[in-house]
Every structure is written in C-alpha cells, then in structure tokens.
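Notes to accompany the following structure.
Bear in mind these aren't lab numbers, they're just calculated from the coordinates by the rules spelled out. Computed from a prediction, not measured in an experiment: that's the story for all the values here. In this analysis, Cβ positions are derived from the backbone assuming ideal geometry, glycine residues included, and neighbour counts consider all displayed protein chains.
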Amino acid sequence: MTIGENIKRIRKRKGLTQKQLSELSGINESQLRRYELGLNNSNPKIETIQKIANALGIPVSLLNDSLGWLKEPEYKPLEKKLEQIGYTLGYNDDGYLWINYPDGTLEINMDDLSTLEKDTDSYLLFKLQELKKERFDKFHQRKPK
C-alpha cells in the first residue's frame, strides 16, 4: 500500500472525513485528497506525514508501508484487537516494536508480541467456556455422527 492508501484506510477506520483530517493536521484538504489518490506522484514530506500521523493518533510507521510490517498476516489480528481498545502497534527499520498506549509508548519484542497473541486467545477461550457454563440451559449440543 502507498502512503496515500494508508492515510485513507486509517482515516476511514477512525471515522474521519478528509475535511476533518485536514483541520486536525493543518494540511490543505485538496492536498490531502491528492495524497490519498496518489495523484501527480503526490508523496508528502516527512514533516507532513508526521502531522497526519499525529492527527490520526498513530505512529508514522503505520503510514509508511516501506517498512513492510503491515503486510505480515500474524500482526493483523492483534493489531485490530489493540485498535479496538485504543492502542496501536508500531515497528521500525531497526527491528524495534512498540505499543502506543494512550499515555505513552512501550517498546516490546517479538516474544512479548507472541505472548500477547496467545494470552488474548486463551482469555477468549476462557470467557467462552465461562459463558457456556452460565447459560448452559441455552446450549444445544451437537449429536455425534
């Protein structure tokens, strides 16, 4: 994905219009539109990317797909779960991973990431079993074949 495609994808995910993002970032709305559409080789300067990332509340790396980490399928489920609760996952060329908390940034490693993924899945399984116990009268067991 291009930077423009990433801006558009994240802007829409955050429920913002181009006009709203333009106002939040201080970037001209028509220029923002050109970035999103990729017109005339419209690649924003790093300072502009930083303004847009700040307005979206995300690290620059989420817009700069040259890092390639956004294409890694193993990050997607955890990234979505984190975003649902207001956190984002970041990565840079030097191999540093981080989680953006609402009040700061925590550097993590691949082991931390794997543990978060496993713990998230384990907790969901636990909660599903708990729900089944609580509402067992509504549970319909499948008949063996």
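Between the amide H of Leu97 and those of Ile108, distances stay under 5 Å, these residues lying 5 or more places away or on another chain, with hydrogens modeled in the peptide plane. The Rg/Rh ratio of the stretch 1-67, with Rg taken over Cα atoms and Rh as the Kirkwood radius over Cα pairs, comes to 0.90.
Asp111 to Val60: FRET efficiency via 1/(1 + (r/R0)^6), r the Cβ-Cβ distance, R0 25 Å, to the nearest 0.05? Here the calculated transfer efficiency is 0.50. Each label point was placed 7 Å from the Cα along the Cα-to-Cβ direction; for Tyr101 and Ile85 their separation is 1.3 nm. Model label sites at Leu37 and Arg142, defined 7 Å from Cα along the beta-carbon direction, differ in position by 5.0 nm.
The stretch between Glu130 and Lys118 holds 2.5 nm of extra length on full extension. This uses 0.36 nm per residue minus the Cα-Cα distance.
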